[in-house]
């Protein structure tokens with residue numbers, strides 16, 4: 001009799017444990033009834049890393065394994081381009097930026113290229129041997145002018161088409177895993193280990209370190225449309241800063257869904273919806289500032305990690321661009 005009772009008690013405990021664990025590891029949110037994204041077929045297994053447009057139709061996509069593609073129909077179709085680079089070097093083309101016909105491209109290891117004719121021809125520039133870190137982010141400032149940030153947090157500016165570069169910061173911040181440039185010319189970065197983040201205001205000459213919002217290591221960080229920060233941390237945590245005067249003041253974490261994958265990037269589309277992307281086809285959307293979330297059905301069908309979300313609304317009304325970039329040639333195009 002005691003054995004039967006003990007066996008029954010163990011069954012109850014086991015059933016309760018299973019229910020408890022199930023509640024800890026999964027959170028279901030609804031799947032949206034429709035999607036503003038369509039899949040674009042790319043004939044490549046390389047990872048797209050960045051996209052920039054010359055005008056509403058003409059643009060370029062760059063990525064790993066020397067990947068550079070060109071579109072003339074707003075991103076619906078892409079064709080392969082080739083750059084005059086040594087065949088024995090396997091470059092990772094990580095950043096591209098255009099302002100009209102003026103364009104700049106940055107890659108690793110040690111690659112910066114410039115075009116003044118909308119990408120018809122590119123000139124490779126010499127960066128010397130003392131550059132701290134590798135090129136990470138390049139921004140076009142004007143004719144023959146650009147700003148380059150590296151994986152060591154060093155920032156340089158040129159106004160003569162890359163013939164010479166002037167350092168903007170007195171000391172590099174150390175290794176970084178993510179870095180964004182704000183519309184005001186400031187920067188925010190995440191340390192290589194994700195254990196802190198740092199900011200650089202437009203008038204500062206040195207990075208200012210800040211504590212992360214929790215014990216969870218930071219995956220990515222960036223700017224909200226109003227200039228405040230957002231943060232993605234391990235454990236699928238989303239946080240927003242809502243006090244511009246206190247950069248270390250963060251809202252409570254938002255965890256829309258726990259599926260074992262971290263969120264990797266976040267962006268706002270031109271109509272104000274928030275998009276966050278991550279591992280194994282994770283693509284979530286919020287229409288109310290992050291309170292409620294839905295799973296995007298097109299993103300959910302992708303057998304790939306989605307690593308970046310970007311929007312460009314600098315064109316005429318109704319001509320905004322949006323893309324989700326994923327591994328192994330995955331590309332989604334926003335159709336509004």
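Laboratory data are not the source of any read-out in this text; all were calculated from the coordinates shown. In this text the structure is predicted, and so the values were computed from the model without any measurement. Note that we place each Cβ from the backbone using ideal geometry, even for glycine, and neighbour counts take in every protein chain shown.
Observations on the structure shown:
- Once both labels are positioned 7 Å from their Cα atoms along Cα-to-Cβ, the gap between residue 311 and residue 201 label points is 2.8 nm.
- Ranked 193, 283, criterion: other C-beta atoms within 10 Å, fewest first: 193, 283
- Spin-label model distance (nm) - residue 72 vs residue 254, 7 Å beyond Cα toward Cβ: 4.2
- Multiplying the residue separation of residue 43 and residue 246 by 0.36 nm and subtracting their alpha-carbon distance yields 68.4 nm.
- Spin-label model distance (nm) - residue 271 vs residue 228, 7 Å beyond Cα toward Cβ: 2.4
- Fully extending the segment from residue 193 to residue 80, taken as 0.36 nm per residue of separation minus the present Cα-Cα distance, adds 37.2 nm.
- For segment 136-150 versus segment 48-67, the gap between their alpha-carbon centres in whole angstrom: 16
- In this structure, residue 335 and residue 288 have a Cβ-Cβ separation that, at R0 = 22 Å, corresponds to a calculated FRET efficiency of about 0.50.
- Of the residues 103, 128, 227, the one that moves most in a GNM of the chain with alpha-carbon contacts below 10 Å is 128.
- Estimated from helices alone, the mean residue ellipticity of the chain at 222 nm is -2500 deg cm²/dmol (sum of -39500 (n - 2.57) over DSSP H runs with n ≥ 4, per residue).
- Virtual paramagnetic centre 7 Å along Cα→Cβ of residue 163, amide N under 17 Å, in segment 103-125: 114-116, 123-125
- Whole-number percent relative contact order across the chain, with pairs defined as alpha carbons under 8 Å at least 6 apart: 14
- Each part reduced to its alpha carbon centroid, segment 281-336 and segment 74-118 end up 23 Å apart.
- Residues within the reach of a label modelled at residue 116 (point 7 angstrom out along Cα to beta-carbon, backbone nitrogen below 17 Å), restricted to segment 137-175, are 140-147, 158-165.
- Principal-axis analysis of the Cα atoms of the chain puts helix 2-25 at an angle of about 20° to the longest axis.
- Using a Gaussian network model of the chain in which every pair of alpha carbons under 10 angstrom is joined by a spring, one finds that among 220, 304, 126 the greatest mean-square fluctuation is at 126.
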